[in-house]
Structures are given as C-alpha cells and as structure tokens.
Amino acid sequence: MLPILGCGDVTFPAYDSAREYGLRADPVFADGSRPKNEFIASIDPMNTLPILDFHKFRDPALPYAGETEFIENNLDKKVKDPSKVPGDVKTVLGQILKEWFGTPARPRVNYDNLLTGKDFDAANDRLGFDAGTLAKGSMLYRVHCLHCHGVNGDGRGITATWVNPHPRDYRQMQYKFVSLKVPSDPNAQTPSRKDLRRTIEYGLEGTSMPAFGMLPPEEIEALVSYVMHLSVRGYVEYKAIDSLSFDGKLLMIPDEVKDIPFDTADNKAKWRTELGKLWSDHYRRALDRFVEVNDPAAEPKIAPYELAFTPQSRSLQEYVNLKVKGQNLNGAERQKLDDGKADFDAFAQSVKEGYEIFMDSKRGACKTCHINFGKDAKYRFDTWGTLVRPRDLTLGQYRGGRRATDLYNRILLGIAPSGMGAYQAYFEKNPKDVWKVVNFIQLLPYPAMLRECGVNPIDSPTPQPPAAAAAQ
C-alpha cells in the first residue's frame, strides 16, 4: 500500500517504469446526455461513484436507478461503454496515447506540428510541458495527489470514494473555477495556469482538497504542468471514444480505417497514421485552449468597483457600529456618521439591488437553484455524473474562493460543469450589476448587517417533489 501512495521515502520517488496509464473503462457521456436535475432524493453513497462502471446504472442503491427514461433514451446511444470499443481500435488508441503522452514515469506532451499558425516557442513557454518539468510534476503528483485523483487524473484514487464532493476528474478538461473564457471556444471551462496554481496553493474550502501553499513555488508550477498534461491526455481519449458512432448497440470502426484489415505490420501502421490524424484534431483543440487562456493578454475582465464601502471593509463595520449606537454618540462620532452617510447609502442601495437581481428570474435567477438562498437547494448531476448541491450561501463558505473577485468570476462566468451560468448573458451586458450581487451574497451570512442595509431577504416557499405535491 505504501508504494502506491508514494509514502515511505523522504524523497519523491518516481513511478515504476513499467507502469502505464490505463485506458478509460467508465462511461463516456455525450453532450446533453445527463439525467434530469429534478428533486434527486439522495447523494451517491460512500464507497461508490455513480458512474464507475455500467452495471451501476441499474443498481437500486444508486441515484441513477430511478432514471428509467434517461437509461432508455441514452444508454448504448449517447452514453458509450468503452468496453464496446473494437479491440483493434482500442489497441491503436493505447499506442497513440503512449506515443503522444508517455507513461507516468516518463510523461511527455508530444505536440510537434500541432500548434499551427502560432509562435511555437511562445506557446511552449505558456504550457510548461518540457520533459524536466513534467517528470518533476509526476513525482510530486504521486506523493501528494494520486491517492485522491488517481494515476490517470480520473478522480478515482483509493480514497476518492470516501470523500464528498469527489475529487476532480481532469480527463474532460472541465474545471469549475476559472477566471476567463477561451476566446475561440467560450463554452469551454479551461483554467489558466494561474487558476490551477491558486487551487493547489489555497485548496478548495469545504472540500477534502487541502492547501499546498507550503510547497516551494517551483513545485507548485510543476504540479500545474502535470495536471494540464493529464487533462490533455484524458481529453484526447474521451473525445476519441465519444466520436465513435453506434450501430445498434455496437460501436463502429471509424470510416478512416474500416476498409483496412488490421493484420499486417503495414496495415497496422496505416491504422495508426489514419487514426492519429483523426484524433490529433482533439489534441490540437486541447492545446489551443491552454495556449489561449495562458496568453499574457488574456487577463480576466472585471468591472471596477466604485463604492467606498465593501462588505469586508473595516470602515463599513465601524460605520454600522456608530449607526447602531444611535443617540449615545459624541460630537466626533456624529460627525463621522454624517460624513459617511452618502457612502453608506450608496452601499446599502447596491445590496438592495443585488438582492433584487438574485431573486429576479429574468436577471440573476439565482434563487432557481439556490432555493431559500441555498438552504433548501436540491442535488443535481454535474458534468462528471456525480451529485452536487448548489451552495448554501448563508454559510459564507465558497469553494472557489472567498475574495470578492472570486465571487465576481463565479457570477460572471458561471460554473458550467455544475450547470451554473444560465443567465450569464445578462451579467456580461451589465457587469456592474455583478458587484451588487457580490455585495448581497457576502452579507447573507450576517442578517443583522443586511437589515442595517434595509434588506430582509425572504425566499418563496420551498418547492416540493411532484409526488409530495400531488398527495396534498
């Protein structure tokens, strides 16, 4: 057990040279093929992951078992079983992935001639995929990350099933907490090196992802590069399987090689060449995303904050304390209260408008998922097929970071893998309104402060499951 975890040595041991990345065995979901997110009764139980293998779709102990319509409409159609990939295709996929990405002991990102139309050296600097950095990142990953995130970065290490939320699965290049959009693909949720560095350095509040801020900066950078490496490898594998079409319940050999027998050495080489061309499109797309979000010119676009007070400022707290003190003020205190009135009124108005936007179904529509401000939020399936619950905002606990800019990015950019972001277009047109919602959210854990701002948040009655409503 100790060698698996990377323990038992004061240095950072490398992987066994014979160890390889395993091919994906768990289901591949096509876009739009998630179960409905309506009144899921329970979370996935301990010691299991809901999409670890296909037989669990009909396991009565798991949430998927009640999704009869989803199973009938999607299983063996839009939800693909890697075990049904033809053996010859699987063989070539393994060979190509090893050629492009190496092994855990000798990771690589072989992207010669893929970054067409770009300054190769500049792109290489942004990616940090040199052999030395990846080898160091691989050793560090084995010690610090493997037991949760798994050898392949699939989020299925030996401890993964015992923590909730489950560790991140890197293989689809989907991440929750990003600070900017990919210019060529605004729907992609691709993190910059800065985003990944922050997650590793500070951890994710309210989860089992710890902070690694005590690691030297160069080690954090090496881990960032290796996580990106696992993401690109997993994305290519995911898209290769997802692109295979069904013939009944069987996956079909790609058109590029279906007329070439997989027999002689020459024909097998033709398979590798043709399928390599096909899958290199996914490889190029993954690289392009990371290159774009790491462009020095691609900085997050945050509207300037124009108020004197912020929810976290000492000046706001001092002003409210004077306001509460009321008639017992001395002359200097009363003068300070009078001098700050305009600033406080502007801040209070911002909080009120933030509350209205939060509740408005045509603007923020936040209450749609954060029912009763998150206290009564329902479980829903995320991009990875695991169950998550919209944040209870009254707790003041934010997994993506508690800085005002972190909340700004969550509201503006959404959290696409979790389904958050349906009203993103409104905030893009009204970026200053994002600050109003941020101000309201940051005060939600402090009802007394909200009341001083003239806000007494009341949500509509909690919706009931259809069966319960029908019984009344």
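With the simple spin-label model, which puts each label point 7 Å out from Cα in the Cβ direction, the residue 307 to residue 368 separation comes to 2.5 nm.
Go ahead and run the numbers for FRET between residue 215 and residue 270, Cβ-Cβ distance against an R0 of 51 Å, rounding to 0.05. Display every interim value, and only then the final one.
Values: r = 46 Å, r/R0 = 0.91.
E(calc), rounded to 0.05, equals 0.65.
Accessible area of segment 68-115 with a 1.4 Å probe: how many percent of it is carbon plus sulfur?
Working: 890 of 2180 Å².
Of the solvent-accessible surface of segment 68-115, carbon and sulfur hold 41 percent.
Extending 7 Å from Cα along the Cβ direction at residue 295 and again at residue 162 yields two label points whose distance is 4.6 nm.
Most tightly packed first, judged by the mean number of other beta-carbon atoms within 10 Å of their residues, the peptides 430-438, 255-263 read 430-438, 255-263.
May I ask you to give the percent of accessible area on segment 296-421 that is carbon plus sulfur, with a probe radius of 1.4 Å? That share works out to 50 percent. Please label the shape of segment 192-339 as rounded, prolate or oblate, based on the square roots a ≥ b ≥ c of the eigenvalues of the alpha-carbon gyration tensor (a/c under 1.5 means rounded; beyond that, a/b larger than b/c means prolate, else oblate). Taking the square roots of the gyration eigenvalues as a ≥ b ≥ c, segment 192-339 is prolate. Placing dummy labels 7 Å off each Cα toward the beta-carbon, the span from residue 405 to residue 184 is 2.7 nm. Length available on full extension from residue 349 to residue 325: 0.36 nm per residue minus the Cα-Cα distance, which gives 6.5 nm. To the nearest 0.05, what FRET efficiency results for residue 360 and residue 250 with a Förster distance of 60 Å applied to their C-beta separation? Rounded to the nearest 0.05, the efficiency is 0.75.
Per residue, how much accessible area does segment 103-231 have with a 1.4 Å probe, in Å²? Mind showing how you got there, number by number?
On the way: 5190 Å² over 129 residues.
Accessible surface, normalised per residue, equals 40 Å².
Taking the 1.4 Å solvent-accessible surface of segment 169-243 as the whole, the part contributed by carbon and sulfur is 55%. With the charge dipole of segment 228-328 set up from +1 on Lys and Arg Cβ and -1 on Asp and Glu Cβ about the Cα centre, the Cα lying farthest toward the positive end among the listed residues 315, 267, 230 is that of 315.
The values are calculated or read from the model by the stated rules, or taken from the named source; none is laboratory data. Fair warning: this is a prediction, and the values are worked out from it, not measured in the lab. Neighbour counts are summed over all protein chains in view; Cβ atoms, including those assigned to glycine, are modelled from backbone coordinates with ideal geometry. The protein model used for the area step is the full one, side chains on, heavy atoms only, and it has no ligands, DNA or RNA in it. Shrake-Rupley method; radii C 1.70, N 1.55, O 1.52, S 1.80 Å.
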